[in-house]
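Following: one structure in structure tokens, then a few remarks.
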Amino acid sequence: MAPQLPVALDEADWEDLLRDEDHELASAMINGALFEHEVMERCTLSKMLIRGCSFAHTTFERMDMTDTVLENCDLSNTVLTKGIIHRVHFKDCKLIGINLSKANLGHVTFENCVMNLSDLVEASIKQVKFTGCSMQTANFYGCKFKDVELHECDLNEADFTDTSLKGMDISTCTYERIDMPMQALVGCTVSTEQAIGFAKLLGLKVKY
């Protein structure tokens, strides 16, 4: 389900969120905000359009973000642990090293994002789409997946230990090496080339 934004959004400054006693901001558009190397816990964003902003190296633990679109934003090494992220669209964003461990993601889309070194350990990821994303060395250890799509993503050296990919399709994704235990692949759709690679890991001799 896509973010549900009002037809018209008022322009706002990031300072509006800082000035609010409860750190809440809704139904607004923010352009070009710079909020780096800061700490802000339990803030709430709802029905927002955020463009060209940088939140690199900032901690937003337990953030509640709903019905929000982020375009061309930099969230490198941003901490969003234990947050609730619902109906959010990340488009063309830089998310290198983003920390989403133990976060709850639902109806979220990551489109053409750079997510190398991202940390999603023990996150709940439901009805989430990753499309055209670079996710090299991403850590999905102990994630709970439900209705997750991975389409044309770079998963080189990604770690899926203790995470089931049942019902998922990774056939369009690429990687040279991936940390994916055989039990994680039960019920997962893979390409012919990928299947041959996994068969070799099991010690099988494949005839061409």
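The values are calculated or read from the model by the stated rules, or taken from the named source; none is laboratory data. From a predicted model like this one, the values you see are computed outputs, not experimental measurements. Please note: Cβ atoms are built from the backbone with ideal geometry, for glycine as well, and neighbour counts cover all protein chains shown. Keep in mind that these areas ignore ligands, DNA and RNA; they rest on the heavy atoms of the full protein, side chains included. Shrake-Rupley method; radii C 1.70, N 1.55, O 1.52, S 1.80 Å.
Report relative contact order for segment 40-170 in percent, whole number only (criteria: Cα-Cα under 8 Å, sequence separation at least 6).
So the answer I get is 15 percent.
Compare L18, L80 by solvent-accessible area with a 1.4 Å probe and give them largest first, with all protein chains kept in place.
In descending accessible area the options line up as L18, L80.
Calculate the dipole size of segment 1-107 relative to its Cα centre from +1 charges on Lys and Arg beta carbons and -1 charges on Asp and Glu beta carbons; express the result in debye to the nearest 20.
In total the dipole reaches around 580 debye.
Amide H to amide H, which residues 5 or more places from S76 or on other chains are under 5 Å from it, using H placed in the peptide plane?
Counting only residues 5 or more places away or on other chains, the set is F55, A56, H57, I96.
Taking all protein chains together and a probe of 1.4 Å, list S164, S124 from the most accessible to the least accessible.
Sorted by accessible area, descending: S164, S124.
Suppose accessible area is computed on protein heavy atoms with a 1.4 Å probe; arrange E122, E152 from highest to lowest.
Sorted by accessible area, descending: E152, E122.
For K126, give me every one of the aspartates and glutamates with a C-alpha distance below 13 angstrom, ignoring sequence neighbours fewer than eight places off in its own chain.
D147, E149
Determine how large the accessible area of K102 is when every protein chain is in place; take a 1.4 Å probe and give Å² rounded to the nearest 10.
Surface open to solvent at K102 totals about 110 Å².
Using a 1.4 Å probe on the protein heavy atoms only, what accessible surface does I196 show? Give it in Å² to the nearest 10.
For I196, solvent-accessible area is about 40 Å².
Only loop residues by DSSP count here, and only those with at most 15 other Cβ atoms within 10 Å; note down the GluC sites (Glu not before Pro) in segment 1-96 that meet that.
Sparse-neighbourhood loop GluC sites (Glu not before Pro): E21, E36, E38, E41.
Of the DSSP beta bridges with both residues in segment 1-132, give the percent that are antiparallel, rounding to the nearest 5.
0 percent
Classify segment 62-114: rounded, prolate or oblate, from the alpha-carbon gyration tensor (a ≥ b ≥ c, eigenvalue square roots; a/c under 1.5 rounded; otherwise prolate if a/b is larger than b/c)?
Oblate shape, in that a/c is at least 1.5 and b/c is the bigger or equal ratio.
Out of the total accessible area of segment 1-143 (probe 1.4 Å, heavy atoms of protein only), what percent is carbon and sulfur?
Its accessible area is 43 percent carbon and sulfur atoms.
With the Cα gyration tensor of segment 77-208 giving a ≥ b ≥ c as the square roots of its eigenvalues, does the rule (a/c under 1.5 for rounded; else a/b larger than b/c for prolate; else oblate) give rounded, prolate or oblate?
Taking the square roots of the gyration eigenvalues as a ≥ b ≥ c, segment 77-208 is prolate.
Please work out the average accessible area per residue across the chain, using the 1.4 Å probe convention, and give it in Å².
Each residue of the chain exposes 51 Å² on average to a 1.4 Å probe.
So between R19 and T192, what do we pick up on full extension, going 0.36 nm a residue minus the alpha carbon distance?
That pair, R19 and T192, stretches by 56.7 nm at full extension.
Based on the alpha-carbon gyration tensor of segment 32-83 and its eigenvalue square roots a ≥ b ≥ c, which shape applies: rounded if a/c is under 1.5, prolate if not and a/b is larger than b/c, or oblate?
Note, shape of segment 32-83 comes out oblate.
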